[in-house]
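What follows is one structure encoded as structure tokens, with my remarks underneath.
The values are calculated or read from the model by the stated rules, or taken from the named source; none is laboratory data. None of these values were measured; they are calculated from a predicted model. Neighbour counts run over all protein chains shown; Cβ positions are idealised from the backbone, glycine included. Protein only, heavy atoms only, side chains kept; ligands, DNA and RNA dropped before computing areas. Shrake-Rupley method; radii C 1.70, N 1.55, O 1.52, S 1.80 Å.
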Amino acid sequence: MADIGKQSASNVALPVEERSTEHQCWSCGDMRATRFCHSCGKVQPPMPVDFFSFFGLRRKLNIDLHQLEREFYRQSRKLHPDVNAQNSEREQEWSLQLTSQLNDAYRTLRDPIGRTEYLLKLEGRELEEQSKSATDAARTSGQQKKQIVPPDLLEEVFELNMLLEEARANRKLGEHDTDLEEQLVETKNTLNQRMNVLMSELHEAWKQWDGLVDRGLIGHTDRERVLGKMVDVLNRRTYIRNLVRDVNEVLEG
Ligand SMILES: [Zn+2]
């Protein structure tokens, strides 16, 4: 009798584990068991799921962070060793494994960049920074890993590198050039503004992506375009973030 009520409400306000793929409970055999059995409440063996599925979410990028946090704490409490102290060793072990899965999923999803990177990985996209083979190749050949300079930044990067070299040379000689330092601070501010613009671009891409997920356009060409846009934004962001880091090193050194 409860089944009918459950089904009609299945996409509204059910706790997340009730929305994930369901399995048979190892203890009572009920068919609606995921992390916890719906009938007997027993903890279930961990299953490999992606972080979105772990929270019962579709692969959308605009996430209700308060809801995510509430869900994280709710599940953390249920999996807590103190709560599970009376359970069998096996169940306690599962609780620990699930806790670690829960922590990883929460840490990744609550961070806007981490969440985007994770989605891109799930969708088979590789970011420059993550292409480990390129880094390894650079290391063995002793050459610096070549980062592709975003074309519209070429001029600025060239100028900035000149400034940085000059500042480093000054530092070696124990000299201070206030003008130069001011220029560097100014450049840094401009770079930070660019970072903000990139974040807005990213949020725009999120909106488009979520729209595609809502409309179920799995093989749609727009999907490729939006994913490509996100890769581009993140790569530019990494590039600029590294420049800011270089400037900070020189200013603080
Ligand atoms: Zn059960």
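Enumerate the amide H contacts of His23 below 5 Å, restricted to partners 5 or more residues apart or on another chain; note that Pro and chain-start residues carry no placed amide H.
Those lying under 5 Å, H to H, from His23 are Ala33, Thr34.
How far apart, in nm, are two points set 7 Å out from the Cα along the Cα-to-Cβ line at Glu155 and at Arg90?
For the pair Glu155/Arg90, the computed spacing is 6.9 nm.
According to the Cα gyration tensor, what semi-axes, each the square root of 5 times an eigenvalue, does the equivalent ellipsoid of region 139-252 have, listed from largest to smallest in whole Å?
37, 16, 10
I'd like to compare 192-201, 31-40: which one has the highest average count of other Cβ atoms within 10 Å, and what's the full order after that?
Peptide ranking by packing, descending: 31-40, 192-201.
Compute the distribution of all C-alpha to C-alpha distances in region 9-110, in bins of 10 Å from 0, and list the percent of pairs in each, rounded to whole numbers.
Binned Cα distances yield the sequence 15, 49, 31, 5.
In whole percent, how big is the carbon plus sulfur part of the accessible area of region 139-252, probe 1.4 Å, protein atoms only?
50
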